[in-house]
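What follows is a structure written as structure tokens; I'll ask about it next.
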Amino acid sequence: MDATLLNNEPPTIYRQEPSHEVDVAWAALYDTRPIVLTREQVLDIGKDPGEAVQIPSSWGLGDDRYFGRIDAFHQMHCLDALRREARFDHYYGAKYPGGFNTTTEMHRLHLSHCVWLLAQNIMCSANTDVYTHIWTDTLDHAFPDFNIEHKCKNYDAVLAWQQKNALDEDNFVALRRPEGYPYRTMTHKFKEIHGWFLQHEDEQDFESGEIA
């Protein structure tokens, strides 16, 4: 695993300064479109088939099929969001010339969501691989050798499978809740940041609802 401080030669594009080519390379690392889950798979991951959004039978994918998404690509999306935030002026300076503190609440919430999501994944996997230290001709103290031998899953194979089997995102977004299908009541804050009250009366209910 390459964990050097400097970007080696040839330099990996993922560590280069912002550019269209760098953005394209990062975008190619993840595909967050939905995939098909069976009822059994929904149960296996501890979800309720009576609540999980079902794929319409009119899509021709069979009965009792549900939407799912692979979490690794959500994590990579979040890492890309942090990368962009580290180059705030390049990506957001024109939109928010006053800096980070002038961004929208949704922008800041999305960022904190990503930070905490990635932190939880690191704690969950708790990689116990170890690294050693080396002496250098530059520093008086020992320097960490972060490069480690690590057995990895085949990310490229997972991404290839995803790209072959993913469902159309536009068709997913166009879906609407069928009559009688259960739904969750969200918090006042959730509705506020999603613009719900622009078209609905604000009943000032700050106690009920669920956070997403």
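Values quoted throughout were computed directly from the atomic coordinates according to the rules given, and no laboratory measurement underlies them. The structure displayed is predicted, hence computed values, not measured ones. Cβ: placed from backbone, ideal geometry, glycine included. Neighbour counts: every protein chain shown.
Starting from the Cα of residue 161, step 7 Å along the direction of its Cβ; do the same at residue 5; then give the gap between the two resulting points in nm.
Each label point is offset 7 Å from its Cα along the Cβ direction, giving 3.9 nm.
What Cys residues in the chain have no fellow cysteine's beta-carbon under 4.7 angstrom?
124, 152
Please list, ordered by chain and number, the residues whose modelled amide H lies under 5 Å from the amide H of residue 69; skip anything fewer than 5 residues away on the same chain.
Amide H neighbours of residue 69, under 5 Å, 5+ apart: 35.
Which one of 107, 141, 150 has the biggest mean-square fluctuation once the chain is modelled by GNM with Cα springs under 10 Å?
Looking only at 107, 141, 150, the largest GNM fluctuation is found for 141.
Another question, then. Cross-link candidates for residue 153: which lysines have Cα within less than 21 Å, leaving aside residues fewer than 8 places away along the same chain?
164
Pop out the ³J(HN,Hα) list for the range 48-57 in order, Karplus 6.51 cos²θ - 1.76 cosθ + 1.60 with θ = phi - 60°, rounded to Hz; leave Gly and Pro as x.
Those phi angles translate into 9, x, x, 10, 4, 5, 8, 6, x, 4 Hz.
Now for a different question. Tell me, which longest segment in the chain has none of the GluC sites (Glu not before Pro) that fall in DSSP loops with at most 16 further Cβ atoms within 10 Å?
Within the chain, the longest run free of exposed GluC sites (Glu not before Pro) spans 52-148.
If the elastic network links every pair of Cα atoms under 10 Å, which of 143, 88, 172 fluctuates the most in the Gaussian network model of the chain?
143
Which of the trypsin sites (Lys or Arg not before Pro) found in the range 125-212 are loop residues per DSSP with 13 or fewer other Cβ atoms within 10 Å of their Cβ?
Here the trypsin sites (Lys or Arg not before Pro) that fit, given the DSSP loop and packing criteria, are 151, 153, 176, 184.
Build a GNM of the chain with springs between Cα atoms under 10 Å: which of 54, 199, 120 gets the top mean-square fluctuation?
Sorting by GNM fluctuation, first place goes to 199.
Taking the Cα centre as origin and putting +1 on Lys and Arg beta-carbons and -1 on Asp and Glu beta-carbons, what dipole magnitude results for the chain, to the nearest 20 debye?
Result for the chain is approximately 260 debye, rounded to the nearest 20.
Please compute the contact order of the chain in relative form: average sequence separation of alpha-carbon pairs under 8 Å and at least six residues apart, divided by the residue count, as a percent.
22
Okay, next question. What FRET efficiency do you get for residue 107 and residue 59 if R0 is 25 Å and r is their Cβ-Cβ distance, rounded to the nearest 0.05?
That gives a FRET efficiency of 0.15.
Aspartates and glutamates within cross-link reach of residue 189: Cα-Cα under 20 Å, excluding same-chain residues under 8 positions apart?
Within the straight-line limit of under 20 Å, residue 189 reaches these aspartates and glutamates: 105, 201, 202, 203, 205, 207, 210.
Still on this structure: Please say if the range 36-134 is rounded, prolate or oblate, where rounded means a/c under 1.5 for a ≥ b ≥ c the square roots of the C-alpha gyration tensor eigenvalues, and otherwise the choice is prolate for a/b larger than b/c and oblate otherwise?
Oblate is the answer for the range 36-134, as a/c is 1.5 or above yet b/c matches or exceeds a/b.
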